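Data block below; observations after.
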Amino acid sequence: MDMNIHSAFLPHDDPDASLAFYRDVLGFEVRNDVGYNGMRWITVGPAEHPETSIVLYPPAASPGITDDERRTIAEMMAKGTYGIIVLATEDLDGVFDKLQAGDAEVVQEPTEQPYGVRDCAFRDPSGNMVRIQQRR
């Protein structure tokens, strides 16, 4: 079976701040930016991998969730425990420096993990955990 990941979804609570982080700091290209009823869905991804995208979406638009669940999601986003994505790069130190210069919230500096991965971690403007691994 030939299959790959096409899109991953991360919630946002500020589309402009999320767009600035993923486009201007991480350098992803904007593939789509759709507004509807005062909300925005923004699709971004690395230019060199057009087959893989991240959709930044407003969690309030998720169908079938209650107001209590929306509040819980907002609380988890604020704590950084709701969304997570793991990216990989050839130049972890260079990406870390760029993120740090872009005022991203550092969670962990580049570290050699006991399980054999060197990585760092940041939170995006909506609180999502962004881990970046050194590609081997």
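The values are calculated or read from the model by the stated rules, or taken from the named source; none is laboratory data. Please read all numbers here as calculations on a predicted model, not as lab measurements. No Cβ is skipped: glycine too gets one built from the backbone with ideal geometry, and neighbour counts run over all protein chains shown. What goes into the accessible areas is simple: the full protein's heavy atoms, side chains included, and nothing from ligands, DNA or RNA. Shrake-Rupley method; radii C 1.70, N 1.55, O 1.52, S 1.80 Å.
Distances over 17 Å make up what percent of all Cα-Cα pairs in region 59-121? Tail of the P(r) past 17 Å holds 56 percent of the pairs.
Counting only Cα atoms, the size of region 1-46 along its three principal axes is 40, 26, 16 Å, in decreasing order. Under the criterion of Cα pairs below 8 Å and six or more residues apart, the relative contact order for the chain equals 24 percent.
Of all the accessible heavy-atom surface of the chain, with the other protein chains kept in place and a 1.4 Å probe, what percent is carbon and sulfur? Numbers along the way, then the final one.
Values: 4170 of 7970 Å².
Carbon plus sulfur share of accessible area: 52 percent.
Only loop residues by DSSP count here, and only those with at most 15 other Cβ atoms within 10 Å; note down the GluC sites (Glu not before Pro) in region 3-79 that meet that. List each step's numbers first, then the result.
On the way: sites: Glu29, Glu48, Glu51, Glu69, Glu75; in loops: Glu48, Glu51.
Here the sparse-neighbourhood loop sites are Glu48, Glu51.
Compared with the dominant Cα axis of the chain, that is its longest principal axis, helix 67-79 is turned about 20°.
In the chain, the longest principal axis of the Cα atoms and the axis of helix 92-101 are about 50 degrees apart. Between Ile73, Ser18, Phe96, the Cα set farthest toward the positive side of the dipole of the chain (charges on each charged residue's Cβ, about the Cα centre) is that of Ile73. A Cα-only calculation for the chain places Rg and Dmax at 15.4, 47 Å. Over region 9-136, accessible surface divided per residue gives 55 Å², non-protein components excluded, 1.4 Å probe.
Our note on the geometry: Cα centres of region 59-136 and region 1-57, 14 Å apart.
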